[in-house]
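In what follows, a structure is listed as structure tokens, so that the remarks can point back to it.
Every number in this text was worked out from the coordinates using simple rules, so none of it is lab data. Small disclaimer: the values here were computed from a predicted structure and weren't measured. Please note: Cβ atoms are built from the backbone with ideal geometry, for glycine as well, and neighbour counts cover all protein chains shown.
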Amino acid sequence: MSNDTRPAAPLGLSPAAVLDIAADVIERNGLAIGEFYMAEQGRDPRDCKVCAMGAIAVAAGLHPEAWDDEGITSAAEEAADFLADRLGWTPDDEPAVTIVGSWNDRLKDAAKVAAELRAAAEAADAAHPTP
């Protein structure tokens, strides 16, 4: 039996739900700068400080470094793309992971990153309301 009290990410999460959960993850764990997550001995990576991209991966039920493994789900990718779009990204630019990661590292403030994730979640929900 697992001691993990985090709920598993449900299948079929919308980008809005992933972004909202990602904000929760950053508020709970803290913000990492320069890395998807800051490893802490004896802690599950999903419980460590994470950057916005790491939080999006965790919100989708993945390891914070899933972006490196190309094991990312469409829910996480759609959420990251939506956030990158809000930050001025176009598909001709660098990958969304680079755009969001750079923004996260410039901001260096967990509350501001979480607030933008929540604002992006609201905008994603308005753009793609669930029935």
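Proximity of backbone amide H atoms, modeled 1.01 Å from N, is registered between C51 and A32, Y37 at under 5 Å, excluding neighbours fewer than 5 places apart on the same chain.
With N counted as the residues of the chain, its alpha-carbon radius of gyration over 2.2 N^0.38 Å works out to 0.97. Projected label points at A111 and A126, each 7 Å from Cα along the beta carbon direction, are separated by 2.4 nanometres. By the helix-only formula, in which each DSSP H run with n ≥ 4 contributes -39500 (n - 2.57) and the sum is divided by residues, the chain has a 222 nm mean residue ellipticity of -16500 deg cm²/dmol.
Residue by residue, the stretch 112-118 carries 3J(HN,Hα) couplings of 5, 5, 4, 5, 5, 4, 5 Hz when phi is fed to the Karplus relation 6.51 cos²θ - 1.76 cosθ + 1.60 (θ = phi - 60°); x denotes Gly or Pro. Overall, the chain carries a charge dipole of about 500 debye about its Cα centre when +1 sits on the Cβ of Lys and Arg and -1 on the Cβ of Asp and Glu, all other atoms neutral. GNM remark for the chain: springs join alpha carbons under 10 Å apart, and the peak mean-square fluctuation among P15, P45, P91 falls on P91.
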